Amino acid sequence: MLVPVPKTSVPASAHAPRRENRIVPLYHQVEQVIRHRIATRQYGSGLQIPSEHELGRELKVSRVTIREALLELVRENLLVKVQGKGTFVAPDLPKVLQPIKYNGFLEDLYQRVEQLKVVSVAMARVPVTDKVRGILHLPATVNEIVEIKRCRHVEGEPFSFTVNHLPIAIGERIDPGVLKTVPLNTVLERDLEIPIVRDEETVEAAPANPEVAQQLAIPVLYPVVHVTRVMFTDRDRAFEVVETFYRADKYHYSVNLSRVKQNGKWTWRHEARSAQPRGRAAGRRGKRNA
């Protein structure tokens, strides 16, 4: 079924280099450090955190800076100040969600996606960027591309925000309503009969921009895991660029490195670790797609 993809008007300023948050206040940086320690339970629920003096010495900032950071976290009910005793982590923190693990197999990627709930889908034609044009080898005559944005939750909490970039010839054949319950890769392979033979993946740390922060319910500039995937079909043609932003406190990535001898020289071979909850031994292994 052909579904018309709406066009969206993009102001000229949207294409200009973004200058937001070039300089992050020092107290805000400290705030994010402490917030991360609370989220990862380095500072346990109900327990006292180090004193302002100790934190200042560790992070090499003034007590005034520490005090400003703590005050913001107290306002958010993550910390509780007790007169004469110190500062404590709030006793009623949100529960810790089991991290979602990715092992490097496309099949594992599909299985992981199926564990999540898509809570929003937005689809539109947007101007093609130079980056996407270069990766997909789009001719200069192509000015637009289909962009699909989805936010996924796990156990009722935001987990990931994904932006798919597809040529219009492919994107206009996708019904966005289907993507609430069916993974996009399944639609591409099953419904559009586009075989996915491999992907190339880049993983990096990044600060959350305002859109990502809003989707993932985190502060602007909070660290996220930014994964860029280029999907390839037959004849090794790149046909899709996928950018996914993951909550850093809910995403876990791991590989095994095995020492092997090839052509008389010792080298490392990457092996994916099977997806097991923390504490279980790793099971099935296999070579990770490059």
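See the values below:
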| read-out | value |
| --- | --- |
| Options ASN209, ASN143: the member that is under 24 Å from ALA39 (Cβ atoms) and either of a type in the set (Phe, Trp, Tyr) or open to solvent by 20 Å² or more (accessible area, probe 1.4 Å) (or both) | ASN209 |
| Close pairs (6 angstrom Cβ cut-off, 6 or more residues apart or separate chains): closer than 10 Å to SER160 by Cβ in region 212-227, open to solvent by 40 Å² or more (accessible area, probe 1.4 Å) anywhere | VAL227/VAL203 |
| Residue in region 102-128 that is nearest to LYS180 (Cα to Cα), counting only those that are modelled with pLDDT of 95 or more and over 18 Å from the mean Cα position of the chain (by Cα) | MET123 |
| Flag if LYS81 is open to solvent by 30 Å² or more (accessible area, probe 1.4 Å) and either within 23 Å of PRO223 (Cα to Cα) or at pLDDT 95 or above (or both) | no |
| Output for region 188-203, where each listed residue is open to solvent by 50 Å² or more (accessible area, probe 1.4 Å) and either among the hydroxyl-bearing types (Ser, Thr, Tyr) or free of Cβ contacts under 8 Å to residues at least 24 places away in the same chain (or both) | GLU189, ARG190, ASP191, GLU193, THR202 |
| Region 216-227, subset assigned to a strand (DSSP E or B) and open to solvent by 20 Å² or more (accessible area, probe 1.4 Å), residue farthest from GLU72 (Cα to Cα) | VAL225 |
| When residues of region 154-170 are limited to those that are modelled with pLDDT under 95 and surrounded by fewer than 17 Cβ atoms within 10 Å (Cβ to Cβ), the one nearest to the chain's Cα centre (by Cα) | GLU157 |
| Inter-residue pairs, beta-carbon under 6 Å, first farther than 13 Å from LEU192 by Cβ and in region 157-179, second in a loop (DSSP other than H, G, I, E, B) and basic (Lys, Arg), 6+ apart | PHE159/LYS250 |
| Selection from region 171-187 of residues that are more than 22 Å from the chain's Cα centre (by Cα) and either among the charged types (D, E, K, R) or surrounded by 18 or more Cβ atoms within 10 Å (Cβ to Cβ) (or both) | GLY171, GLU172, ARG173, ILE174, ASP175 |
| Meets criteria (assigned to a strand (DSSP E or B), of a type in the set (Val, Ile, Thr) and open to solvent by 60 Å² or more (accessible area, probe 1.4 Å)) for VAL260 | no |
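Yes or no, residue by residue, for (1) over 30 Å from GLN29 (Cα atoms); (2) in contact with a Leu (Cβ under 8 Å, 6 or more places away or on another chain); (3) assigned to a helix (DSSP H, G or I); (4) β-branched (Val, Ile, Thr):
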{"site": "PRO139", "(1), (2), (3), (4)": "yes, no, no, no"}
{"site": "ILE145", "(1), (2), (3), (4)": "yes, yes, no, yes"}
{"site": "LYS149", "(1), (2), (3), (4)": "no, no, no, no"}
{"site": "PRO158", "(1), (2), (3), (4)": "no, yes, no, no"}
{"site": "GLY177", "(1), (2), (3), (4)": "yes, no, yes, no"}
{"site": "VAL187", "(1), (2), (3), (4)": "yes, yes, yes, yes"}
{"site": "GLU193", "(1), (2), (3), (4)": "yes, no, no, no"}
{"site": "GLU201", "(1), (2), (3), (4)": "no, no, no, no"}
{"site": "VAL212", "(1), (2), (3), (4)": "no, no, yes, yes"}
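The values are calculated or read from the model by the stated rules, or taken from the named source; none is laboratory data. The model shown is predicted, which means the values in this text are computed figures rather than measured ones. Every residue, glycine among them, receives a Cβ derived from its backbone with ideal geometry; neighbour counts consider all protein chains shown. Each accessible area value is taken on the protein alone, full model and side chains, heavy atoms only, with ligands, DNA and RNA left out. Shrake-Rupley method; radii C 1.70, N 1.55, O 1.52, S 1.80 Å.
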